[in-house]
Amino acid sequence: MTATLMDGRALSSKMAEKITADVSRMKAQGKEPTLATILVGDDPSSKVYLGSKHKAAQKTGIASQSHSLPADASEEELVSLIEGLNRDRRVDGILLQLPLPHQFSERKMIERISPEKDVDGLTSTNTGRLFYGQSDLVPCTPKGVMELLHHYKVPIASSSVVIVNRSPLVGKPLYHLLLTEDATVTMCHSKSTDLASTTRRADIVITAVGRRPGFVLTGPMVKDGAVVIDVAMNRVDGKLVGDADFEAVSKKASFITPVPGGVGPMTVIMLMQNTLIAASRQSGLLLSSVVQG
Ligand code: NAP
């Protein structure tokens, strides 16, 4: 078997067209959807990720503001910036770029973002809503993974899904999204034993470890015909690769996401969709086809 590529670039472009049309309609009603990003310090990867988010905002017509603080900023300074953006009626979405420098408690800082503007879906209010299946502002990467599965018509109900990751950003929200759609979900992590025998039973394997060469999803870890979603981003010899041994796994899988070009572009476009949802909820304007799903 040779896997079909799940093309996140093509799907995100298609979604960008719909979002652009919705943004125009919202602007015509006097509301300009606005995303504010916050960068603390000057981590080069964070700058690259933020660059692609601002570019997507520009492409879809969403206004974006870029706020930054020096690496030695205090928690008080960051809280004051977040609270100012919470109060600013022009700002619909606030994205705090992670990771933060070591002197910050990320959890404490995330909780200061108003849940209505939490376009990363990471406050406990929004993760709590997800727990009860009331998904609204859902974390962007898990939301992008679900979009890919839906777009490629991968059966989810009653499927056996293994997620290799238990982080609040990826694994835990995905667990709830998949469970809500009636999958049987197993979560694995660094303390899981005999990982291969678990992943080999899965209809869908979602891997997001990012410790290459410490962890590689090899061909024998995947059953014939499985769907493989590779969320991870590793740099190997200067090249961006996922967790999967792409050559070997794509010979066994029925579908696979490439890295780059799979989950990454979906994450960015989901941020635009969340900003539109936040703008729509806060202004009471237009619930478009995109927003209503
Ligand atoms: P993280 O918090 O470090 O999570 C990594 C997970 O992998 C943890 O649950 C960890 O287990 C598990 N793990 C580590 N070593 C393992 C091993 N040998 N076997 C099995 N599990 C192992 O990172 P994250 O923020 O979730 O991100 C994970 C990866 O996804 C990174 O490569 C990141 O760059 C990528 N990512 C990509 C996107 C995108 O848009 N494409 C978005 C977000 C993240 P423990 O919990 O036991 O430590």
Revision key, fill the gap. Across the alpha-carbon set of the range 1-126, Rg over Rh with Rh taken as the Kirkwood radius works out to 1.03
Point to revise | Crossing angle, helix 171-180 versus the chain [Cα axis fit, 0-90 degrees, rounded to tens] | key: 80
**Study point:** Nearest 10 degrees, 0 to 90: helix 75-87 Cα axis against the chain principal axis
**Key:** 70
Check your understanding: Amide H of VAL164: which non-local residues (sequence gap of 5 or more, or other chain) have their own amide H closer than 5 Å, using H built in the peptide plane?
Key -> CYS188, ILE206, THR207, ALA208
Review point. What whole-number value in Å² describes the accessible area per residue of the range 8-134 for a 1.4 Å probe?
Key: 51
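Find the Cα radius of gyration of the range 75-204, compare it with 2.2 N^0.38 Å by division, and give the number to two decimals. Let's see the in-between values first.
Working: Rg = 17.0 Å, N = 130, 2.2 N^0.38 = 14.0 Å.
Rg over 2.2 N^0.38 Å, computed on Cα atoms: 1.21.
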Practice item. Assign one of three labels to the range 140-264, namely rounded, prolate or oblate, based on the Cα gyration tensor with a ≥ b ≥ c the square roots of its eigenvalues; rounded applies when a/c is under 1.5, prolate when it is not and a/b is larger than b/c, and oblate otherwise. Key: rounded
Exercise for review: Give the relative contact order (percent, whole number) for the range 64-145; include only Cα pairs under 8 Å separated by 6+ residues.
Suggested key: 23
Check your understanding: Quick one: length gained pulling ASP237 to LEU285 fully straight, 0.36 nm per residue minus the C-alpha distance?
Key -> 12.4 nm
Review point. Nearest-5 percent of antiparallel DSSP beta bridges in the range 182-293?
Key: 30
Point to revise | the chain - Kirkwood radius from inverse mean 1/r over Cα pairs (Å) | key: 19.6
Review point. Once the whole set of protein chains is in place, how much accessible area is left on ARG107, using a 1.4 Å probe, in Å² to the nearest 10?
Key: 110
Review point. Over the chain, what percent of the accessible surface lies on carbon and sulfur atoms, probe 1.4 Å?
Key: 53
Study note, to complete from the structure: When every protein chain stays in place and a 1.4 Å probe is rolled, HIS102, HIS150, HIS54 sorted by accessible area with the largest first are HIS102, HIS150, HIS54
Revision key, fill the gap. As straight-line cross-link partners of LYS47, the qualifying lysines (C-alpha separation under 25 Å, not fewer than 8 residues apart within one chain) are LYS55, LYS59, LYS108, LYS117, LYS143, LYS239
Study note, to complete from the structure: For VAL162, the net charge from surrounding residues (Cβ-Cβ under 14 Å; K, R +1; D, E -1) works out to 0
Point to revise | Degrees, to the nearest 10: 44-60 long Cα axis against longest axis of the chain | key: 70
Exercise for review: Multiply the residue separation of GLU75 and ARG201 by 0.36 nm, subtract the distance between their alpha-carbon atoms, and state the gained length in nm to one decimal.
Suggested key: 40.8 nm
**Study point:** Relative contact order for the chain, counting Cα pairs under 8 Å that sit 6 or more residues apart, in percent
**Key:** 24
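The values are calculated or read from the model by the stated rules, or taken from the named source; none is laboratory data. This structure is a prediction, so every number in the text was calculated from the model and none was measured. Here Cβ is always computed from backbone atoms with ideal geometry, including for glycine, and neighbour counts include all displayed protein chains. Side chains included, ligands, DNA and RNA excluded: accessible areas come from the protein's heavy atoms. Shrake-Rupley method; radii C 1.70, N 1.55, O 1.52, S 1.80 Å.
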